[in-house]
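Notes follow the structure.
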Amino acid sequence: MATDEHSRSSRPSMPTRESAAQSLALAEEAQAAVGAITPGRWYQPTLCAFVIGIYLTNLLPDPFDITAVGVLFVGMMTFVFVQARKMGVMHRATPETGRQVAGGAAIGLTMYIAALVVDRQADMPWVWVPAALLTGGGILILGKNSRKKGIPAA
């Protein structure tokens with residue numbers, strides 16, 4: 001009989017309705033606060049515009065193309081750092097995010113090599129325009145749902 005009393009007392013007590021309601025309200029407030037730190041809706045399209053601009057620098061003459069790539073790259077990195085500082089929190093990387101980054105890199109590298117081959121072999125520099133648009137659009141589509149499993153947004 002002593003073991004029955006001991007086993008009953010070691011079980012955690014059931015929460016009251018009031019404490020459960022308070023816990024739920026606190027959890028909802030925390031989720032809303034976390035959802036407020038997501039980047040704006042122009043974050044992903046702006047990064048894709050920088051990538052498109054980097055592709056299109058291949059249409060510039062020799063001394064200007066390297067300068068334009070440098071300016072666009074510095075602008076893109078500045079934009080990323082300003083947005084990360086503005087949000088105050090870095091998003092958690094999930095396996096899905098890693099797959100999306102790998103997919104975006106594969107799209108970018110494949111399109112760049114294909115455009116480079118067509119430009120050099122067939123002497124068609126205009127091929128950089130569709131390559132840039134396809135790469136930017138592909139990355140934009142891949143990144144559309146990138147934060148579904150990371151930090152939940154309200």
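The values are calculated or read from the model by the stated rules, or taken from the named source; none is laboratory data. In this text the structure is predicted, and so the values were computed from the model without any measurement. Ideal geometry is used to build each Cβ from the backbone, glycine not excepted, and the neighbour counts take in all protein chains shown. Heads up: the accessible areas ignore ligands, DNA and RNA and are worked out on the full protein's heavy atoms, side chains in. Shrake-Rupley method; radii C 1.70, N 1.55, O 1.52, S 1.80 Å.
If only residues of the stretch 47-68 that are open to solvent by 50 Å² or more (accessible area, probe 1.4 Å), assigned to a helix (DSSP H, G or I) and hydrophobic (A, V, I, L, M, F, W, C) are counted, the one that is farthest from Leu116 (Cα to Cα) is Ala49. Does at least one position in the stretch 46-64 carry a residue that is touching an Asp or Glu at 6+ places or on another chain (Cβ under 7 Å) and either at pLDDT 75 or above or within 25 Å of Val129 (Cβ to Cβ) (or both)? Yes: one or more hits.
I need every pair where a residue in the stretch 79-100 that is modelled with pLDDT of 75 or more and surrounded by 12 or more Cβ atoms within 10 Å (Cβ to Cβ) has its Cβ under 7 Å from the Cβ of a residue that is hydroxyl-bearing (Ser, Thr, Tyr) and outside any helix (DSSP H, G or I), sequence separation at least 6 or different chains. Going by the 7 Å Cβ cut-off, the qualifying pairs are Gln100/Ser146. Within the stretch 103-118, being open to solvent by less than 60 Å² (accessible area, probe 1.4 Å) and either out of contact with any Phe, Trp or Tyr (no Cβ under 7 Å at 6 or more places or on another chain) or outside any helix (DSSP H, G or I) (or both) holds for Gly103, Gly104, Ala106, Ile107, Gly108, Met111, Ala114, Leu116, Val118.
Once the stretch 132-154 is narrowed to residues that are small (Gly, Ala, Ser) and more than 15 Å from Ala105 (Cβ to Cβ), the residue that is modelled with the highest pLDDT is Ala132.
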